[in-house]
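The values are calculated or read from the model by the stated rules, or taken from the named source; none is laboratory data. Since the model is a prediction, treat every value here as computed from it, not as a measurement. Positions of Cβ are generated from backbone atoms using ideal geometry, with glycine treated the same way; all protein chains shown enter the neighbour counts.
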Number of protein chains: 2
Amino acid sequence: MSSERVTGTTLGAKIMSAEGAADFIQSGDTIGMSGFTGSGYPKAVPLALAAQIEAAHSAGNSFRVRVWTGASTGPELDGALAKANGIEFRLPYNSDPIAREQINRGEMEYFDMHLSQVAPMAWQGFLGPLDVAVVEVSGIRSDGSLIPSSSVGNNKTWLDRASKVILEVNRWQSQALEGMHDIYYGTALPPDRVPIPITRPDDRIGQPCFRCDPDKIVAVVETDAPDRNAPFKPADETARAIASHLVDFFEREVSNGRLPRSLLPIQSGVGNIANAVLTGLADAPFDPMTAYTEVIQDGMLSLLESGRLRMASATAFSLSPEAAVEMNRRMDFFRDKILLRPQEISNHPEVIRRLGCLAMNGMIEADIYGNVNSTHVMGSRIQNGIGGSGDFARNAYISVFMSPSTAKSGAISTIVPHASHVDHITQDVQVIVTEHGLADLRGLSPKQRAEAIIANCAHPDYRPALMDYFRRARQHSYGQQTPTLLDEALSWHRRFVETGSMR
Amino acid sequence: MSSERVTGTTLGAKIMSAEGAADFIQSGDTIGMSGFTGSGYPKAVPLALAAQIEAAHSAGNSFRVRVWTGASTGPELDGALAKANGIEFRLPYNSDPIAREQINRGEMEYFDMHLSQVAPMAWQGFLGPLDVAVVEVSGIRSDGSLIPSSSVGNNKTWLDRASKVILEVNRWQSQALEGMHDIYYGTALPPDRVPIPITRPDDRIGQPCFRCDPDKIVAVVETDAPDRNAPFKPADETARAIASHLVDFFEREVSNGRLPRSLLPIQSGVGNIANAVLTGLADAPFDPMTAYTEVIQDGMLSLLESGRLRMASATAFSLSPEAAVEMNRRMDFFRDKILLRPQEISNHPEVIRRLGCLAMNGMIEADIYGNVNSTHVMGSRIQNGIGGSGDFARNAYISVFMSPSTAKSGAISTIVPHASHVDHITQDVQVIVTEHGLADLRGLSPKQRAEAIIANCAHPDYRPALMDYFRRARQHSYGQQTPTLLDEALSWHRRFVETGSMR
């Protein structure tokens, strides 16, 4: 067999069905899968593996695997394998609803990691060996090098570390992706680490393709399947208000001489609010901006098209189906403006601090002192994971967290007396924004932060109760650096769990 | 006037009394003081300032200042100014008991910062202008450059940023310090930041002296006063047990091929346990080690003398009086083995991650999931501050936190159901050690971490209650990623505050 995307190599001989490829995977194996934010994940082999796992379970045999990825994948991977009860252990990030439920029922072990640390820790050795890599590529070149697809993630590391490699060549991915990637092969374990030579977001430091020992490649599977591209959600009024407060803040920083007119490289999450912020930036007088971030979403393509954004560095796409079509149509325009890197580089603390990124991340809740919970609903139920927020927040020039001031139709206040779980400590949270306003926490003591957060960010319905808590904590707390009433600190969360509302 | 340590410069004309120098400081000023871990802080001007503040208060006038330092100082600075009720705002770290009490009574605003971020944030501008720098040096050279004393801290930044500079020339400091420092002038604000060119702990990248615009120097004060050198506390049995578990762990990592035989650069805090660990390392088969750390304490000098430690990079000394004498006596031996850098470099995340430091820090408490509280007793009362622990823990090759398993004669358990304050999130805590054992948490899910911490680290008296909490949380928690009983999570701390014991 051969194919236009597997040209002139001996690998044509290894083209086989997904079922045949999945036969190379054994129960107990650790599998490094491609995939980041629903793009570039393998779409056929995990489904075939899930079927084999279900068959084994039906026959009364145990069959579970350990799954490592870049970040979130799609229903054909996490969803199918979780549904088959096939994932024993998962790292570093998950947003699949079926897998999430299994984790929160205590049926799947989940190691929630800083995304920058996955590749180095895989090399460090304590995670154990990597048995199989299953990596989607958009093509194989005649010299055997692999053209990455719509995400880079940890693929370089999986291809280097795995004993066996299974490739999915997805002809749905645009061939025009070739040349957009920058795969850096200069990382090492200490004492052999050297500076990452990036001083501008557009610095190219690597090569456009992955290398892979052909003897390790046991199977090549051809696919023609779309990424899990989520539909674009237009910004609602709340998201637009959050964006507006944030853009105003950046404008003040520029006019006070604390930020350059072109800002500093922006990092932005995905979703409704992030897209609203990007739209807000399109109408603001910042020119020309750059992005050093994890993910290219719809709003960033629009910013690039308008010329306000000069270029964007990321590790993956996360586009709506329409935006994906538009990007492929205008690839000649986009190709030299977008750079996809391994996530150990897109999220590298060294580079983020050097560039001075403006980090903008969502959150589940913040307490009145500015501790941020990004991961655990009511302190115990995982939502997705910390992802890259810790990489960016601690090293950003300005670290912003944003959210609507309430959730569940007002039953949950985003601002609480005491965070039920902490992902970002007060030192790493410089600005909090809700639709009601923005709290600039830089240089403030905890008590000063509490006053700013309650006054500017809390929903008016919850503000009196927060002020009352803070006032009584200032009277009765054991210490007054961070006044806390130990018997009430988590009472809002307890009330929600018991009654369905924090009110 | 002139002096042997203020040679051949026009600065001799500015030699004056501490009282005269303190006259340059006004109420409301922000003052950048030298000083890190009780070394290299100004000893005369702050005392004179405190006297002037007390006089103003007696006359019914308000007089308070904002104080920035490297880290902790001594009783002649924080103690005297706090006693005079003269500090309105303090950053980035404090260990003075009088200042601590004022903070915990809510009478002083305290901005507790990552030590690596102080200098860059001072440049960023949101902290406001720096009116006066008061910096101890060990001499002034004929070209006007300043020979640093026993700590570097943020002095470079204070000298660059302040409108007025007051120098204390302390002849108590050894003249042999000259040449030991490495002052790097290559930092910048983004977008002009470049890689910090350190790839080995002993790389010299700067110059031995500070530069300072002589027109800004308003006063030179001569002193002859010792640093706050604390007496050496010999290791007790608990500290030796902690050290022994940790050294065993490192030996296993070496024999498993996960650490080189010379280890990786060690970072170690100060105190009883840290010294016990250094003593333990002296008897272990690691050779030759290096240190990339904040502080050179007694145990590190011994390691250098034995030859097991090849060199140490830090930002300050923290020696017992006897060790200080010994170091001065053998300065020819030590001079090329010790390197003092600005704290923005000694604690730079970029360098720490590149070198792959083995971070060993103390803690107040850890919860069963491995969230670590380094700063707030019972969640609200500040002990000292986060210091450099966040810089090192998040970027270390292996991040270790250690403590005796109980405090206050057993009334407090160091391992608790839920940390009352979080400084280090589970992702940044890889190993926890108490005298009872070591929990290697790398690659574990929260529930697996809980089992390891309770079994290996908790005091046997508290272990059944922790196991009972964890068991019930596994039954009743809202979610099962990090099982939590919201009504009990902080009950141990509440019990301590109410009854004086967690039992």
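Before moving on, here are some points about what is shown:
- Residue selected from segment A:404-418 under the condition in contact with a helix residue (DSSP H, G or I) (Cβ under 8 Å, 6 or more places away or on another chain) and either in a loop (DSSP other than H, G, I, E, B) or at positive phi (or both), by the criterion farthest from the other protein chains (Cβ to nearest Cβ): A:P404
- Scan of segment B:419-430 for residues that are in contact with a helix residue (DSSP H, G or I) (Cβ under 9 Å, 6 or more places away or on another chain), assigned to a loop (DSSP other than H, G, I, E, B) and facing another protein chain (nearest Cβ under 8 Å), ordered by number: B:S420, B:D423, B:I425
- Pairs where the first residue, in segment A:29-52, is in contact (Cβ under 8 Å) with a residue 12 or more places away in the chain and the second is in a loop (DSSP other than H, G, I, E, B) and aromatic (F, W, Y), C-beta under 8 Å, 6+ apart: A:M33/A:Y41; A:S34/A:Y41; A:G35/A:Y41; A:Q52/A:F63
- If you go through segment B:228-263 and keep only what is closer than 27 Å to B:D203 by Cβ and either of a type in the set (D, E) or out of contact with any helix residue (DSSP H, G or I) (no Cβ under 7 Å at 6 or more places or on another chain) (or both), you end up with B:F250, B:E253, B:V254, B:G257, B:P260, B:S262.
- Complete set of residues in segment B:162-178 that are modelled with pLDDT under 95 and under 25 Å from B:I196 (Cα atoms): B:L177, B:E178
- Unique residue being within 14 Å of chain B (Cβ to nearest Cβ), in contact (Cβ under 8 Å) with a residue 60 or more places away in the chain and closer than 23 Å to A:H436 by Cα when the list is A:E237, A:E253: A:E253
- Scanning segment A:228-255 for residues that are of a type in the set (D, E, K, R), part of a loop (DSSP other than H, G, I, E, B) and out of contact with any Gly (no Cβ under 6 Å at 6 or more places or on another chain), we see that the one that is farthest from A:L77 (Cα to Cα) is A:D236.
- Pairs with Cβ under 7 Å, 6+ apart, first in segment B:406-426 and more than 16 Å from A:V372 (Cα to Cα) and modelled with pLDDT of 95 or more, second of a type in the set (D, E) and assigned to a loop (DSSP other than H, G, I, E, B): B:G410/B:D461; B:P417/B:E488
- Of the criteria (1) assigned to a strand (DSSP E or B); (2) of a type outside the set (K, R); (3) within 14 Å of chain A (Cβ to nearest Cβ), which one B:E136 fails: (3)
- Listed by first and then second residue, the pairs linking a residue in segment B:104-128 that is over 19 Å from B:G186 (Cα atoms) to a residue that is basic (K, R) and assigned to a loop (DSSP other than H, G, I, E, B), with Cβ atoms under 9 Å apart and 6 or more places separating them unless they lie on different chains, are B:F126/A:R258; B:F126/A:R442; B:L127/A:R442.
- Residues being among the aromatic types (F, W, Y) and crowded, with 24+ Cβ neighbours inside 10 Å - total across segment A:153-181: 1
- Condition check for B:P195 on (1) within 22 Å of the chain's Cα centre (by Cα); (2) part of a loop (DSSP other than H, G, I, E, B): one failure, at (1).
- Counting only residues that are outside any loop (DSSP other than H, G, I, E, B) and crowded, with 24+ Cβ neighbours inside 10 Å, segment A:382-399 holds 8 of them.
- A:V325 passes every criterion in (1) within 14 Å of chain B (Cβ to nearest Cβ); (2) without any contact (Cβ under 8 Å) to a residue 60 or more places away in the chain apart from (1).
- Here B:S320 passes the criteria (1) more than 27 Å from B:Q430 (Cβ to Cβ); (2) of a type in the set (G, A, S); (3) within 14 Å of chain A (Cβ to nearest Cβ) except the one numbered (3).
- Filter result (part of a loop (DSSP other than H, G, I, E, B) and in contact (Cβ under 8 Å) with a residue 60 or more places away in the chain) within segment B:271-288: B:G271
- The residues in segment B:1-30 that are modelled with pLDDT under 95 and assigned to a loop (DSSP other than H, G, I, E, B) can be counted, and the count is 7.
- Cross-chain or 6+ apart pairs with Cβ under 8 Å, segment B:136-154 first and farther than 24 Å from B:S116 by Cα, then among the aromatic types (F, W, Y): B:S145/B:F210
- Conditions (1) on the phi < 0 side of the Ramachandran plot; (2) modelled with pLDDT of 95 or more; (3) surrounded by fewer than 24 Cβ atoms within 10 Å (Cβ to Cβ): number failed by A:P321: (2)
- Restricting attention to segment A:205-251, the residues that are of a type in the set (S, T, Y) and either over 30 Å from A:A13 (Cα atoms) or surrounded by fewer than 16 Cβ atoms within 10 Å (Cβ to Cβ) (or both) total 2.
- Flag if B:H376 is at the interface with chain A (Cβ under 10 Å from one of its Cβ atoms) and without any contact (Cβ under 8 Å) to a residue 60 or more places away in the chain: yes
- All positions within segment B:355-373 that are under 16 Å from the mean Cα position of the chain (by Cα), more than 11 Å from chain A (Cβ to nearest Cβ) and in a strand (DSSP E or B): B:A359, B:M360, B:N361, B:G362
- Residue count, segment B:184-202 (criterion: crowded, with 18+ Cβ neighbours inside 10 Å and either among the hydroxyl-bearing types (S, T, Y) or at pLDDT below 95 (or both)): 2
- Residues (surrounded by fewer than 24 Cβ atoms within 10 Å (Cβ to Cβ) and touching a Lys or Arg at 6+ places or on another chain (Cβ under 9 Å)) located in segment A:303-318: A:L304, A:E305, A:R310, A:M311
- The one condition in (1) surrounded by 14 or more Cβ atoms within 10 Å (Cβ to Cβ); (2) closer than 21 Å to A:V431 by Cα; (3) of a type outside the set (V, I, T); (4) at pLDDT 95 or above that A:N275 fails to fulfil: (4)
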